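The values are calculated or read from the model by the stated rules, or taken from the named source; none is laboratory data. Please read all numbers here as calculations on a predicted model, not as lab measurements. So basically every Cβ, Gly included, is an ideal-geometry build from the backbone, and we count neighbours across all protein chains shown. Side chains are part of the model used for accessible areas, which takes the heavy atoms of the whole protein and leaves out ligands, DNA and RNA. Shrake-Rupley method; radii C 1.70, N 1.55, O 1.52, S 1.80 Å.
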Amino acid sequence: MKIPSLKYLKDEAVSSAVRFPLTLLSALIGVSVAVYLVEFDHDIDNQLPFVNLLLVSALGLVLFFSINIYKDKKQKFNPPSWLLSLIGLILLLLIYFTLPGSEETNNISQPYIRYTIYNVVAHLLVSFAPFISKGEINGFWQYNKMLFLRFCLSILYSGFVYIGLVLALVSLNLLFDADIDGERFFQLFIIVFGLFNTWFFISGVDRELDSLEEKTDYPKGLKTFAQYVLLPLLILYLIILYAYVAKIVGLWDWPKGIVSYLIVCVAVLGILTFLLIYPFGEKEKEHWISKFSKFFYYTLLPLTAVLFIAIVIRIDDYGLTVNRYLIVELGLWLLFVSLYFIVGAKNIKVIPMSLAGMILITSIGPWGMFGVSESSQVGRLETILSANGLLTDAQIINEPVLELGDNDYYVLQDSNKNELLLTDSLKNEVYSILDYLDDHHGFDKLNHWFVQNPDSVMKVLVDSSSYYWSQAKIRMELMGLEYRYRYNGLNDDSYSQNYQAQDAYSGIMMVTGYDYILDVNFYDYKQEFNIENQLFRFSKVTESRFELVLDTDTATFDFADIMKQLGMESGDGSPIIVDNRELILLGSNDSMKAEIRLDNLTIETSKEMTTTDFSGKIFIKMPN
C-alpha cells in the first residue's frame, strides 16, 4: 500500500476546500464561535447571539454541502451555483433572526424546535439531493453508502487525532510542567471534530456521481453488520413490543405515552437496517432479504395502530402538544411507508424524501405543529375556565389588582379569590397548560382575557420585589389562582411541601450585628453584589447547598439540616407556617459572618429531599 505524500494531502485538502468553500467556511465560523465561547464563557453577558451563530453555522455546513453535491451531478433543473448559495445564505440569515437575541422571560423554545426541524430536513436533503430525479435507485444507494462509510472513517480518524493530541498535551504537562488549562482539551475537541472532521469528510466524497448507478460493489462487512447485528436486535425489539401489545389487549390496559416513542424508534431501526442491505435483496441468492423486508412492513401495521391508540388517548386527556403532533405525524409517515412497500414498490428514495417533505410542511402555517398545538391547549384552558365560571365573556372574573402595599412593594390585592372555583386536579391542569404555553408558544392568544396587561404587571412586580415571576406564574396569579402544583401526598411517588416563616411578610425585622441585608432567591442562583467595592457572589453548588464567596473566603449554606428538621408532611400541599428560627441558616467562616433568613422554603421529595424554591434575605457582616 502506497503511503500518500504530503504534496498529495495538501492538494486534496486544497481541492476539497475549493469544491466545498461555503461548507468549510461554515465549519470554520462554527468552530471559532465555539472556541470563543469556551474561552470567555464567564465574561460574556449575553451569549445567545454567539450560540445562535454557532447553530446557524452548523446548519449552513449541511445546507451548503447539499447545494454543492446537487451541482456535482447532472440535473434537469440546473441553476447557477451562486444563485443556490445565495438562496441558502438568505435562508440562514432569516433563521438566525428568528432566534431570540437575548435571555428574557418571554423567550420560548419554538424557534429552537423549528431550527431542529430544519436541521433534520437539511440532513435528509443531503441523502437525496443529487438523486432527486426519477430512477437511479442503485446510484442513490451507492451514494449514501459512500457517505455512511466516509462518515464512519472521519469519526475514526478524528478520534485518533484527538486522542494523540491529548496525550501530547498531557505529556507536556507531566514532563515540562506546562500547566495547560483544562479548557484547552475541550477546545481541541471542538477544532478536531468540528473542522478537521469536516475537512476530512468532504475530501473523500466521490466526484463521479453520474457513474454511481453502474457500480456493483457491495461491502460484505456492511451486509454482515446489518444481518448479524442489526437484524437480531430488530427481531428482539419486535418480540418485546408484540409481547407488550398482547399484554395490553389481554388486560385491556391501554399503553402509556412511552410506547409511542418505542414503536417509532424500532420502526426507524428496521427501516435503516433494510436500507443497508437493500441491494443484496435484489440478488437471486438473497431473496429472503426482500421477503423479510416486506414481512417487516406488515409487522409495523399493528404496531402503528397501537401507536395511534396510545397517542389519541393522551391527546383526548391532555390535548395536542408539539411532541404529540410529531408522534401523530411520524405514525402517518410509518403507515405510508409500510403500505408503499407492502404493495410492491421499490423506490427507496421515497423514505427520506417523504419524511423531509412532511416535517417541513408541518413546521409552518396554521395547519402546522405549532399552530395546531397552541390552539388545542388554549382551547382546553378556555374550556376548563369557562365551565367552572372563572372565565365569562372572554374575561377573567375577580382578577387581582396590582396595588402598592404597606411596605412600599407592589402586590396583587385579593389574590387567590378563585381558588374555590376549581378542584385541585383542574388547578393542576391549568398550571400544566400555562407552563407548556410559556415554554413553547407564549400567551398572545389569551392576553385579552385580562383587564390589566400581564407583561406590564410582571415588570412592576419584578422591579419591586425579590420574588421570582415567570410568564406562566403572573397569568395564573391574575386568574386568582395560586401558581403551584397540588400534590395529594398520599399516593404520589414525589411530594412537595412549602414552609413559610411566621413573620415573613410583617415588614418588621430586628437586625443586630450585621452591616448589609440583601434579597436572595432560588431561581436567581448566580447573584452578584458589589459592597464597598468588594464583589460578593451568591451561587448554587447543588440542589441543597449554596455558597457566598468573597475572593478566597467562602460561606456555605447547607439546606440539608433544615430539610431533615422540618421533614415532610402529607396533606393538600398548603403552606405550613413555622417559627422564624426554623428557617435560619448560618454560613459564617473565620473572616466573614453571614446568615440567611428564609421567608419561605419549598422541599420536594422522591427518593431524596431537595430544595426546589426559596426566597429570603441574606445578612452580611463585612470582614475586618
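Being at pLDDT below 90, at negative phi and not charged (D, E, K, R): is that true of residue 359 here? It is false that residue 359 is at pLDDT below 90, at negative phi and not charged (D, E, K, R). Being aliphatic (A, V, I, L, M), in contact with a Leu (Cβ under 8 Å, 6 or more places away or on another chain) and in contact (Cβ under 8 Å) with a residue 24 or more places away in the chain is a description that does not apply to residue 61. Annotation note: Cβ proximity below 9 Å between a residue of segment 21-42 that is free of Cβ contacts under 8 Å to residues at least 40 places away in the same chain and a residue that is open to solvent by 60 Å² or more (accessible area, probe 1.4 Å) (sequence gap 6+ or interchain) occurs for 29/53; 33/50; 33/53; 36/50; 37/50; 41/183. Tell me, yes or no, whether segment 82-91 has at least one residue that is within 30 Å of residue 144 (Cα to Cα) and open to solvent by less than 20 Å² (accessible area, probe 1.4 Å). Scanning segment 82-91, I find at least one residue that is within 30 Å of residue 144 (Cα to Cα) and open to solvent by less than 20 Å² (accessible area, probe 1.4 Å), so the answer is yes.
The condition (being modelled with pLDDT of 90 or more, over 30 Å from residue 100 (Cβ atoms) and open to solvent by 30 Å² or more (accessible area, probe 1.4 Å)) is satisfied by just one residue among 35, 18: 18. Among the residues of segment 84-104, those that are touching a residue at least 40 places away in the same chain (Cβ under 8 Å) and outside any helix (DSSP H, G or I) comprise 99, 100, 101, 102, 103. Among the residues of this structure, residue 128 counts as one that is open to solvent by less than 60 Å² (accessible area, probe 1.4 Å) and under 29 Å from residue 363 (Cα atoms). Residue 312 fulfils the conditions (1) under 30 Å from residue 378 (Cα atoms); (2) among the β-branched types (Val, Ile, Thr); (3) touching a residue at least 12 places away in the same chain (Cβ under 8 Å) except for a single criterion, (3). For residues that are in contact with a Phe, Trp or Tyr (Cβ under 9 Å, 6 or more places away or on another chain) and polar (S, T, N, Q), tally how many sit in segment 377-397. Within segment 377-397, residues that are in contact with a Phe, Trp or Tyr (Cβ under 9 Å, 6 or more places away or on another chain) and polar (S, T, N, Q) number 2. Scanning segment 153-175 for residues that are open to solvent by 40 Å² or more (accessible area, probe 1.4 Å) and under 14 Å from residue 205 (Cβ atoms) returns a single hit, 153. Of all residues in segment 415-448 being under 18 Å from residue 397 (Cβ atoms) and in contact (Cβ under 8 Å) with a residue 60 or more places away in the chain, which is most open to solvent (accessible area, probe 1.4 Å)? My answer is 417. Suppose we filter 351, 327 for residues that are within 23 Å of residue 269 (Cα to Cα) and either surrounded by fewer than 16 Cβ atoms within 10 Å (Cβ to Cβ) or within 25 Å of the chain's Cα centre (by Cα) (or both); which single one remains? Only one candidate passes the filter, namely 327. Criterion applied to 273, 304 was being closer than 30 Å to residue 69 by Cβ and in contact (Cβ under 8 Å) with a residue 40 or more places away in the chain, and the one residue passing it is 273. Looking across segment 176-208, the residues that are open to solvent by 50 Å² or more (accessible area, probe 1.4 Å), charged (D, E, K, R) and within 30 Å of residue 140 (Cα to Cα) come down to 207, 208. Considering segment 131-152, and only residues there that are open to solvent by 40 Å² or more (accessible area, probe 1.4 Å) and within 28 Å of the chain's Cα centre (by Cα), the residue that is farthest from residue 190 (Cα to Cα) turns out to be 148. Candidates are the residues of segment 369-409 that are touching a residue at least 24 places away in the same chain (Cβ under 8 Å), in a strand (DSSP E or B) and among the hydrophobic types (A, V, I, L, M, F, W, C); the one that is most open to solvent (accessible area, probe 1.4 Å) is 401. Residues that are loosely packed, with under 13 Cβ neighbours inside 10 Å and of a type in the set (D, E, K, R) were ranked within segment 211-265; the one that is nearest to residue 327 (Cα to Cα) is 256. What do you reckon, is residue 55 surrounded by fewer than 17 Cβ atoms within 10 Å (Cβ to Cβ) and either at pLDDT 95 or above or under 18 Å from the mean Cα position of the chain (by Cα) (or both)? Against the criterion (surrounded by fewer than 17 Cβ atoms within 10 Å (Cβ to Cβ) and either at pLDDT 95 or above or under 18 Å from the mean Cα position of the chain (by Cα) (or both)), residue 55 does not qualify. Of the residues 183, 213, the single one that is acidic (Asp, Glu) and under 33 Å from the mean Cα position of the chain (by Cα) is 183. Checking each residue in segment 425-470 for being β-branched (Val, Ile, Thr) and part of a helix (DSSP H, G or I) picks out 430, 433, 457, 460, 462. Residues of segment 278-291 that are crowded, with 17+ Cβ neighbours inside 10 Å and either at pLDDT 85 or above or basic (Lys, Arg) (or both): 278 alone.
So that you can scan it fast, the table gives a plain yes or no per residue for (1) more than 30 Å from residue 248 (Cβ to Cβ); (2) open to solvent by less than 60 Å² (accessible area, probe 1.4 Å); (3) part of a helix (DSSP H, G or I); (4) not hydrophobic (A, V, I, L, M, F, W, C):
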| position | (1), (2), (3), (4) |
| --- | --- |
| 267 | no, yes, yes, no |
| 270 | no, yes, yes, yes |
| 293 | no, yes, yes, yes |
| 314 | no, no, yes, yes |
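Screening the candidates 364, 359, 289 for the property of being within 30 Å of residue 435 (Cα to Cα), part of a helix (DSSP H, G or I) and of a type in the set (A, V, I, L, M, F, W, C) yields one hit, 359. Within segment 58-79, take every residue that is in a loop (DSSP other than H, G, I, E, B) and of a type outside the set (A, V, I, L, M, F, W, C) and give me the one that is surrounded by the fewest Cβ atoms within 10 Å (Cβ to Cβ). Ranking the qualifying residues of segment 58-79, first place goes to 76.
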